[in-house]
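What follows is a short report on a single structure.
The values are calculated or read from the model by the stated rules, or taken from the named source; none is laboratory data. Keep in mind that this is a model prediction, so the values were computed, not measured. A quick note on method: Cβ atoms are made from the backbone with ideal geometry, for glycine too, and the neighbour counts reach across all protein chains shown. Heavy atoms of the whole protein, side chains included, go into the accessibility calculation; ligands, DNA and RNA do not. Shrake-Rupley method; radii C 1.70, N 1.55, O 1.52, S 1.80 Å.
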Amino acid sequence: MTRIGYIHSTESFGSVDGPGIRFLIFMQGCHMRCRYCHNPDTWKTIKSGNSGESGLSVTTATVDELLDKAERYRSYWGPDGGITVSGGEALLQIDFLIDLFEEAHRRGINTCLDTAAQPFTREEPFFSKFERLMKSTDLVLLDIKHIDSEKHRWLTGHSNENILDCARYLSEIEKPVWIRHVLVPGITDDEEQLKQLRLTLDTLHNIQKVEVLPYHTLGTFKWEQLGIDYTLKDVPTPTAEQISRARKIIS
Ligand code: SF4
């Protein structure tokens, strides 16, 4: 049976989610509830048979349909580009991801996984699937949203222990990783916490880049549309100095 992926949206010319120009695939579904999420419309997990009842613009696609669409833009990718799969949380559809990345590699397409790793565990059946997925993944963009687990839970609804364990596992297998940290004034920019994050990253051997992503409010209208209370209403976006200071500490 051909496996189906539940897709929130795609973008043809991504230039910041991995190297080069990339075709971006945003998968539907996420179990985290980050207070600054700019895509809350990706949260709802869609299962076979209920894709039409959510009222959301979710499409379904097979691996070949997605890759055929992506390859229309292949001439723009250059030597470094390819596809990036993001979300939502792409790992919630790990079986589909395995099929997608393995077929992408058969077609000679560079693959990048953008994840917050919330589903990560070394328990089965997930772990064997993740090991297999990593064999056809060229780069992982790993979000670390807060180094303090309790603050991480407040910010996202989940603790960070398994996410940090995912970072350790990726180091063990020497998978190239870019770390991403969203900088939210007063919430994720505490100097001591940033230094702690840097110390943690120093224990890893596979980090190619650390990106500070400034908090922005471009997605707040979606919270209103979905009738969800946006709790960071009074939080400003970071200043250039705040961004520069954070970059000096963790990048
Ligand atoms: S992990 Fe990403 S998609 Fe999920 S809630 Fe957080 S920011 Fe939103």
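Here r is the Cβ-Cβ distance between Glu161 and Ser75 and R0 is 51 Å; the resulting FRET efficiency, rounded to 0.05, is 0.70. Per residue, the solvent-accessible area of the chain (1.4 Å probe, heavy atoms of protein chains only, all protein chains present) comes to 47 Å². Full extension of the segment from Glu11 to Glu150, taken as 0.36 nm per residue of separation minus the current Cα-Cα distance, would add 46.6 nm.
How far is helix 126-135 tilted, in degrees, relative to the longest principal axis of the Cα atoms in the chain, given as a value from 0 to 90 rounded to the nearest 10? Around 80 degrees separate the two axes. Look at the alpha carbon pairs under 8 Å that are at least 6 residues apart: their mean separation over the length of the chain gives a relative contact order of 18 percent. Placing pseudo-labels 7 Å out from each Cα toward the beta carbon at Glu174 and Leu204 gives an inter-label distance of 1.7 nm. Evaluated at q = 0.08, 0.14, 0.17 Å⁻¹, a Debye calculation over the C-alpha positions of the chain (equal weights, vacuum) places log10 I(q)/I(0) at -0.30, -0.98, -1.45.
Bridges between two residues of the range 1-99, per DSSP, are antiparallel at a rate of about 60%. Here the spin labels are modelled as points 7 Å beyond Cα on the Cα-Cβ line, and at Glu192 and Ser244 they lie 2.6 nm apart.
Over the chain, what percent of the accessible surface lies on carbon and sulfur atoms, probe 1.4 Å? The computed percentage sits at 49.
Checking every one of the GluC sites (Glu not before Pro) in the range 141-197 against DSSP loop status and a limit of 14 other Cβ atoms within 10 Å picks out Glu174.
Checking every one of the GluC sites (Glu not before Pro) in the range 101-130 against DSSP loop status and a limit of 11 other Cβ atoms within 10 Å picks out Glu123.
Distance between the 7 Å Cα→Cβ label points at Thr237 and Arg106: 4.4 nm. Taking a Cβ cut-off of under 10 Å around Ile187, the surrounding Lys, Arg, Asp and Glu residues balance to a net charge of +1, with basic ones at +1 and acidic ones at -1. A straight chain from Thr45 to Arg122 at 0.36 nm per residue would run longer than the Cα-Cα distance by 25.5 nm. The Cys residues in the chain with no partner Cys Cβ within less than 4.7 Å of their Cβ are Cys30, Cys112, Cys166. Of all beta bridges that DSSP places with both ends in the chain, some 25 percent have antiparallel geometry.
In this structure, the residue pairs whose Cα-Cα separation is over 32 Å, taken from Lys195/Lys233; Lys44/Lys151; Lys69/Lys248; Lys175/Lys222; Lys44/Lys233, are Lys69/Lys248; Lys175/Lys222.
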